[in-house]
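Working notes, beginning with the structure itself.
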Amino acid sequence: MRTVQVWGIGSVALRTEGGGEPTDFDITRSFSGRGYRRLPAACQYLLAAAQRAVDDSAELIGSVPPERRGAFVGTNNAGSRLLAEMDEAIIGGSSDDISPMLAPFFSLSLFAGRLSIEYALRGGNLTITSPRTAGLEAAAVCLRSIAAGRADLAVLGAMEDSPPPGEPGHRDGDVGAVALICARPHPGGSELNPYGSFEVATGHLSPDQPVEPVLDRVWSRLGQPELAVSVFADDTATGAAVLTWLVRRRHRVTLYPPGPGCLTPLHHLSESFRRPGADLVVVAAAAEGNVAFARSRVAVRTPA
């Protein structure tokens, strides 16, 4: 696979545990035009994170033609609260009670679609919703798409909103967004050094098959690094299998509360790029059997 580098990083304050809404976010600080306040919360988070990533990359996106720019976004709960509110409006009243501005967002693909409209990303757009691993899986698709020549630059992101009241994670789930500007090495016109690069490998653990061959294959695709490992997994069979496999191989493992969304693993990976020499592996595992391993290769970055 050709190397894909990270040129810009942006995020909106994340809530990963303990409750509370993002504290550093106001959509009007990022955009001065009309209509942004009417967008769903997760869409606002994504647009603001992308704007911060674009600014962080010294507007690198402008050096790439629109048809060579893509968007790859992961989410689990971006639209869950909005859909619950739509159902309540229809059951308790009528469809006339739903805002025309919000109605199209019954489809999760519209969230990333709005991002593509904002930045003329015409080189591919994909939304991934796999439980917990969607953010890292979006990173894997981003790498493959650029390596295959479908795009020269992409906005890679993850976004989450609170699940509706009464649902697991309503008070302590992921809230916010993260975005990374990913591109081939040394795109034209850039005066920046990249943050570094990353690799992603994914797999699926089936209850009726041994897990070791799958995890061995996933790990080998990352080059079998001797690095610290951050794991986002719960106490399900999948999480236990991944933890057992890592501990048996004497990797330095830190287990984090997984939350109900996919945002935190990608955010954790992106934050490693802000600490030179902090290469690590981030692992996300879901009860459904999805596993995703991502490795960061952090460079020393000199801003323009």
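The values are calculated or read from the model by the stated rules, or taken from the named source; none is laboratory data. Not measured: the values here are computed from a predicted model. Cβ atoms come from the backbone with ideal geometry, glycine included; neighbour counts cover every protein chain shown. Accessible surface areas use protein heavy atoms only, side chains included; no ligands, DNA or RNA. Shrake-Rupley method; radii C 1.70, N 1.55, O 1.52, S 1.80 Å.
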Quick one, can you get me the convex hull of the C-alpha atoms of the range 168-275 expressed as volume per residue in Å³?
136 Å³
With runs of 4+ DSSP H residues as the only contributors, calculate the mean residue ellipticity of the chain at 222 nm using -39,500 (n - 2.57) per run, divided by the residue total and rounded to the nearest 500.
-9000 deg cm²/dmol
Gained length - Arg37 relative to Ala278, 0.36 nm times residue gap less alpha-carbon distance:
83.1 nm
For the range 240-282, state what percent of all Cα-Cα pairs lands in each successive 10 Å bin, counting from 0 Å until the bin that includes the largest distance.
23, 47, 30, 1
Would you mind telling me the share, in percent, of accessible area of the range 193-304 contributed by carbon and sulfur at probe 1.4 angstrom?
51 percent
Taking the chain as a Gaussian network, where each spring joins two C-alpha atoms under 10 Å apart, which residue of Gln209, Gln51, Gln224 fluctuates the most?
Gln209
Mean accessible surface per residue for the chain, computed with a 1.4 Å probe while every protein chain stays in place, in Å²:
44 Å²
Antiparallel DSSP bridges in the chain: what percent, to the nearest 5?
65 percent
List the relative contact order of the chain as a percent without decimals, with contacts defined as Cα pairs under 8 Å and 6+ residues apart.
25 percent
Among beta bridges that DSSP assigns inside the range 73-205, antiparallel share in %, nearest 5:
65 percent
When 1/r is averaged over all different Cα pairs and the result inverted, which Kirkwood radius in Å belongs to the range 57-115?
13.9 Å
In Å, the Kirkwood hydrodynamic radius from C-alpha pairs for the chain sits at 19.5 Å
If every alpha-carbon in the range 49-177 counts as one equal scatterer, what log10 I(q)/I(0) does Debye give at q = 0.22 1/Å?
-1.25
How high is the FRET efficiency from Glu167 to Ala147, r the C-beta distance, R0 41 Å, rounded to 0.05?
0.65
